[in-house]
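Student: The structure under discussion is supplied below as structure tokens; questions concerning it will follow.
Derivation of every value follows stated rules applied to the coordinates shown; laboratory data play no part. On a predicted model such as this, the values are computed, not experimentally measured, just so you know. Cβ atoms come from the backbone with ideal geometry, glycine included; neighbour counts cover every protein chain shown.
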Amino acid sequence: MQIGVFVLTQLFAQCAPSVAPETLMPLVSVESAQEPFAVANITDNTSHYFDKQSDAVKFLNMLTRQGKNFSAGLMQINAKNFSGLGLTNETVFDYCTNIKAGSQILKKCYLKTAKKEKNEQVAIRKALSCYYSGNEKRGYKKEANGTSYIERIELKSVRGKSPVVPALITGNKQTKESIKNKSFFMMDSETEGWDIFKDY
């Protein structure tokens, strides 16, 4: 059950306002494929996706009994962090709770890397590596699929892509004057007022 971009964007604004959605979106896409009930059995190196929260909780309970290491939910919170974040095998699958917890981990990593790295973009990449592995370097290493964690995040990122239709900018006097002077918006005296494209 994949959560759409529109819903995720709303959740990011509500549950993780201190982290840019442009960073959270590719992070969630890579970590869980936007599946809220995703579970990574780290011990056995397997991934599992459930349609129902109850089934995912049962699976986590089983892994816990077996002493397995795992990560769960949209932002794939590791079981070792549950206690410190006040999470349980049930609450980790709550959309907002999971996003809030993940953003806290990422924010902590970023504040740490930003102290040493002046370049904001380098700092956030090191923070993402920290989020992924607990250190600033592991995320840059190529893995079995031929890409690094940071590369996978960048591939999922939509930042930098120019929209077909640009954003409307208002409140700027120069912009208003420029629009006023554009012939496109001016009526030709020989054209009917409603026929601005001179189709008739």
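Student: Among K80/K108; K52/K107; K100/K156; K107/K137; K116/K156, which pairs are too far apart, with a Cα-Cα distance over 19 Å?
Tutor: Table pairs above 19 Å Cα-Cα are K52/K107; K100/K156; K116/K156.
Student: Restricting to DSSP loop positions (anything but H, G, I, E, B) with no more than 11 other Cβ atoms inside 10 Å of their own Cβ, which chymotrypsin sites (Phe, Trp or Tyr not before Pro) remain in the range 23-96?
Tutor: When the chymotrypsin sites (Phe, Trp or Tyr not before Pro) of the range 23-96 are filtered for loop state and at most 11 Cβ neighbours within 10 Å, nothing remains.
Student: Using θ = phi - 60° and the Karplus form 6.51 cos²θ - 1.76 cosθ + 1.60, what ³J(HN,Hα) does each residue of the range 33-48 get, whole Hz, x for Gly and Pro?
Tutor: Working through the residues one at a time gives 6, 6, 9, x, 10, 7, 9, 10, 7, 5, 4, 9, 6, 10, 10, 9 Hz.
Student: What is the extension gain from V5 to E90, computed as 0.36 nm multiplied by their sequence separation minus the C-alpha to C-alpha distance, in nm to one decimal?
Tutor: Extra length available between V5 and E90 comes to 28.2 nm.
Student: Now, a different point. Given a Förster distance of 22 angstrom, what is the FRET efficiency for A144 paired with M62, based on the Cβ-Cβ distance and rounded to 0.05?
Tutor: Result of the calculation: an efficiency of 0.25.
Student: Continuing with the same structure: Quick one: which residues, 5 or more positions from I77 or on another chain, have an amide H under 5 Å from its amide H? H modelled 1.01 Å from N in the peptide plane, none for Pro or chain starts.
Tutor: A72
Student: Right, another one. Let me check against my output: what whole-number percent is the relative contact order of the range 5-156, with C-alpha pairs under 8 Å and at least 6 apart?
Tutor: Answer for the range 5-156 is 19 percent.
Student: A further question follows. Multiplying the sequence separation of K156 and S83 by 0.36 nm and subtracting their Cα-Cα distance, what value in nm do you get?
Tutor: Gain on extension, K156 to S83, equals 23.2 nm.
Student: Using the charge dipole of the range 5-156 (Lys, Arg: +1 at Cβ; Asp, Glu: -1 at Cβ; taken about the Cα centre), state which of Y132, L27, C96 has its Cα farthest towards the positive end.
Tutor: Of the listed residues, the answer is Y132.
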